[in-house]
Each structure stands twice: as structure tokens, then as C-alpha cells.
Amino acid sequence: MGEHKKAVIIEKPNIIIIYTDDLGYGDVGFNGATEIKTPNLDKLAKGGVRFTNGFASSATCTPSRYALLTGEYPWREKNARVLSGSAPLIIETDQMTIPKMLKENGYYTGIIGKWHLGLGAGEMNWNNKITPGPNEVGFDYSYIMAATQDRVPTVYIKNGNVVGLDPKDPIEVRNKDNFEGQVTGLENPELTTMKWHHGHNGSIVNGISRIGYMKGGESAKWKDVDMADHFLEGAQDYVKKHKNEPFFLYYAMQQPHVPRTPHPRFVGKSGLGPRGDVILEADWCIGEFIKTLEQEGLLENTFIVFSSDNGPVLNDGYYDDAEEKLGKHTPGGEFRGGKYSLFEAGTHVPFFTYWKGTIEPKVSDAMVCQIDLLSSLSKFVGSDVKVKDSEELLDVFLGKSNKGRESLVIEAITKTAYKEGDWVMIPPYKGPAIKRNIEMGSSKNYQLYNLKEDASQQINLAEINKEKLQELIFKFNAIRGGNKSKFISKKNNK
């Protein structure tokens, strides 16, 4: 491990957000998981403020990431939905963001990992400098993948330039229509090492077929099994390089999103298949990252936020034994639904803050959302920046107060619902009740649940408690304003 260096104390503490991808509330030991071990995360959570009522804004990735960085509800931005690999940037370059606010207040700002908020302003030429992107919305340094591990282009991008690109082998990317002569998962399944289940039948890279089509760029293509190590090393190097100045790091991990490609060190270690293995891998990466902060004397002067972009999903496009080897493990904990769902497991995610020697360990049931980080971090650094949807809850995040949000609008695939205290109201929506074994929360009737008495949302109280239902509908509509959700009008609920 090496010797620990003397603590580096600077006037403004460092800020790190560690963000996992599709990690469920019940996927971690500190929230009660027994079939999978997450010792490094458990140690941090138990040494900080563990939130039992912490939320992503949305049940899918792009909207949650948009809300996290901008402090704005994603349903206010029509393009904040799951993006293709070549979609344009959806954050306006003049929009306030966490990195922009921190940069204005003396912080060096960086992102390492998954972006998935779009790049460029239209038709993309991946062989030139890619702009606008993270660097144009507040990040001094960016080392990212454009979208998700299951989408093309399968390359890393550093400060707007594809890493390791050979100009003689230019990259071309399409969302639809394959390039002539290029193999695909649909037409060449025998060339894949991980069989696709739905949608993921485009270009084959490293034996895995992806969403979309890519030609060229052979020298720049990533190796999936090395991605976790690669991003970890980047995060470690970043904090070492910038330890003598206030820094912000958004460490956006790719686990346990599909394709689940654990490094050989972790293959088979969980007993739950690749999904379990990459959760172990993610926990190990976080442990190694914390060791680096400790060794560099940074841990006592660094405020850390940990969460996930949305709830869990098992089959998300590949046959990888996630369902078959689940056993007794419950990725969503006691909550109903999962990724894509308006039910609780879609947005109710693992969430804790940690600051060694400053935050007193506690468990908090205060309602907090990732959308609140912008206004809260603004106060943390003495800025006057505040964004309307982002509530200033700094004392809650520091464990000094238990008074969190009173209400929250949550979103799943452009559909929205309303939470207030122990209550959640889901308007009627068209669409399947179950999709890929996930209960989506769609129903032709209003749904009303009291989560304190019924955390798993089994008892719909809409008919029994019409007064509470109408109260929540009124408040929900007041927040949604002119941009109301397209839910079904139900006169018989009056």
C-alpha cells in the first residue's frame, strides 16, 4: 500500500461524486444485501451519512445525469431521455452545472467515466475535435465514453479527442443501417461471445454486439474487460495530479450496466453471474480509489457523495445469467419495480455522503435527491448560485439536519409521478404493466401508496383515500405547470 503522506489541507475541501450505473438499493451490503459482499462501500456508508430515502431524479440514465449536473428536473428538457451514442449535447453551454459553478469558485473540475449526455451539435465527425461536450459545460478535464458500454462508438474520448485514433483508419458511426461488409450480431451471431437478447445486435466489438454501427477506428477501440481498471487508474491519476489545489471529480463508473464484462480477476467470484461479478469489481475499484486518497493525504479534506443513476435491471439486452443466477438476491431491496419503472425501485437508490473526521456517522431518513447537489454544493463553497429545482440541503448531506425535501417529482421514460413525505401518487398511464420482468408502474387507474406502511407498494389506496389523492394530484399539477405529463384523465377519481 505504501506510506501515507501527510494530510493535504486546503481551504476549500475537495469534492468527489462517485456514480454507479444501474446499481439497485438492495445490491449493496449497507442496505441489507446478504448474497453479495460490498465491504469497501459498506465501510464508507457506515462511516458517513447513509440515506435510506435517497433518490435519483429518474429511472433511466441520461435524465438522471442531466438532473445531477444541472440541478434541473429532466422532464423540463424534452431531449433528456436515453440517448444514442451519437446524439448531440443536451446541456446548453450557457446553462449552470455543478462543474461550472465549482470552476467559478476556484476548483479544478474533471469527469472520468460514462458521459451519456450527448456530444457535438449535430452530425458528428469523430475524427476531429468533438465539441461541444463536457469541457464546454464546466469540466476542465474529461476522459469519457460517449454514451454507454453497449453502444457505439466503443472508444475513449479525452478532452474532445478520440484516444489512440489512427487518422488512416477514420471512425464512422450510424444509429441505423449497417456499413457494407461490417459484421453484426444479427447476421453473425456465431462471432459473439455474449449472445444478445434484444436490441443489441449491431456492430461486434470484442465479441459483443452493440446498439448501432461503427466502422474503422480499430486502434482506438476499448477492451471491455479492462474498462473498470482503466477508469480507476484515470481517477487515481487525477487526484494525484491535482491534490495541491481544490478539485472536483465526477467519477462515473460503468458497472453494473450491460454488457457486464468483469475483469478475469472477478469472473465467477459472486456466484450471481457477470452482474454480481461487476458489482464486486466496482466495490474493489472504490476501495482502491479510497486507498489512493488516503495515501495522498486527501481523505480528511475530501467530501464524497456516492449514488446510482437509477434502479436495477437484470436482463437489459444480453443473455448473461443475471436472472438465472439471481438466487435469493434482491437488487431492489424491499422496493417494487426497477430501472425504467415508476415504482419505488426505479429511483430509490443507494446514497451516502462521507467526509472522514468531519461527518459523524449516522443513518438518515431525510428525503434527498441528486438534483439537490448543485444548490447544496454551491453553499458548501460559498457561492450564491441556486437552481430552482435543486433544493439547498447542505446540512442534511453533512448529517447536521434531518429535514430533507418535502416533495419530489420522479420520472421514468418521460412519465412522472409525485412523492410527498411517506406518500407517492402515480397518475394513470398507457403502456405495459410489465416489461422484461420489471413492473413498470403503468396502470389505467390512479395509484396511491403509503410507503411507511407499505414500502413494497402492494396496497393501492387511491379509492380508499380520495382526499389525499386529490391533494397530491393538485400539488403535482402545480409543479408540472404547462409541461404536464401525458397521463390519462380519470374523472371517476373525483
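The values are calculated or read from the model by the stated rules, or taken from the named source; none is laboratory data. Since this is a predicted model, take the numbers as computed values, not measurements. Heads up, the Cβs are rebuilt from the backbone with ideal geometry, glycines too, and the neighbour counts pull from every protein chain shown. Please note that ligands, DNA and RNA were not included when accessible areas were found on the heavy atoms of the full protein model with its side chains. Shrake-Rupley method; radii C 1.70, N 1.55, O 1.52, S 1.80 Å.
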What are the trypsin sites (Lys or Arg not before Pro) within the stretch 181-230 that DSSP puts in a loop, where the Cβ has at most 16 other Cβ atoms within 10 Å? K195, K223
At 25 °C and 0.890 mPa s, grab the translational diffusion coefficient of the stretch 49-196 from Stokes-Einstein with a Kirkwood Rh over Cα pairs, rounded to a whole number in µm² per second. 145 µm²/s
Report, to two decimal places, the Cα Rg of the stretch 437-477 normalised by 2.2 N^0.38 Å (N = number of residues). 1.22
Can you work out the base-10 log of I(q)/I(0) for the stretch 121-232 at q = 0.19 1/Å, using the Debye formula on its C-alpha atoms alone? -1.02
If eta is 1.306 mPa s and T is 10 °C, what Stokes-Einstein diffusion coefficient results for the stretch 290-385, Kirkwood Rh from Cα pairs, in µm²/s? 97 µm²/s
Find, among the GluC sites (Glu not before Pro) in the stretch 89-177, those assigned to loop by DSSP (not H, G, I, E, B) with at most 12 other beta-carbon atoms within 10 angstrom. E123
Sorted by chain and number, the residues with a modelled amide H under 5 Å from that of V155, at a separation of 5 or more or across chains, are A146, W222
Near D320, within a Cβ-to-Cβ distance under 12 Å, what is the net charge of the other residues, with Lys and Arg +1 and Asp and Glu -1? -2
Give me the count of lysine pairs in the stretch 84-215 whose alpha carbons sit under 13 angstrom apart, restricted to pairs 8 or more positions apart or on different chains. 4
Are there any trypsin sites (Lys or Arg not before Pro) in the stretch 1-99 that are in a DSSP loop and have at most 11 other Cβ atoms within 10 Å? List them by number. K6, K78
Report, to two decimal places, the Cα Rg of the chain normalised by 2.2 N^0.38 Å (N = number of residues). 0.94
So what is the diffusion coefficient of the stretch 205-356 in µm² per second by Stokes-Einstein at 4 °C and 1.567 mPa s, using a Kirkwood Rh over Cα pairs? 75 µm²/s
On the protein heavy atoms, probe 1.4 angstrom, tell me the percent of accessible surface of the chain carried by carbon and sulfur. 48 percent
How big is the shadow of the Cα convex hull of the stretch 19-80, averaged over all directions, in nm²? 4.8 nm²
Counting heavy atoms of the protein chains only and a 1.4 Å probe, report the per residue accessible area for the chain as a whole number of Å². 40 Å²
Taking the Cα centre of the chain as the origin and placing charges on Cβ (Lys, Arg +1; Asp, Glu -1), which of L68, S58, V205 is farthest toward the positive end of the dipole? S58
What helix-only [θ] at 222 nm does the chain give? Using -39500 (n - 2.57) per DSSP H run of at least 4, over all residues, to the nearest 500, the answer is -5500 deg cm²/dmol
Rounded to the nearest 0.05, what FRET efficiency do D229 and E360 have when you use their Cβ-Cβ distance and R0 = 45 Å? 0.85
Under 23 Å from K362, Cα to Cα: lysines that are on another chain or at least 8 residues apart: K37, K43, K46, K291, K379, K400, K403, K452
HN-Hα couplings for the stretch 229-240 via Karplus (6.51, -1.76, 1.60; θ = phi - 60°), in whole Hz with x for Gly/Pro, come out as 5, 5, 5, 4, 4, x, 5, 5, 5, 4, 6, 5
Evaluate the Debye formula for the stretch 125-180 with equal point scatterers sitting on the alpha carbons, no solvent, and hand back log10 of I(q)/I(0) at q = 0.14, 0.15, 0.28 Å⁻¹, in q order, two decimals. -0.40, -0.46, -1.26
Along the stretch 441-456, what does the Karplus equation 6.51 cos²θ - 1.76 cosθ + 1.60 (θ = phi - 60°) give for ³J(HN,Hα), rounded to whole Hz, x for Gly and Pro? x, 7, 7, 7, 10, 4, 10, 9, 10, 9, 6, 5, 8, 8, 4, 8
Check which residues have an amide H placed less than 5 Å from A412's amide H, if you skip close sequence neighbours. A59
Can you say what percent of the DSSP beta bridges in the chain, counting only those with both residues inside, are antiparallel? Round to 5. 55 percent
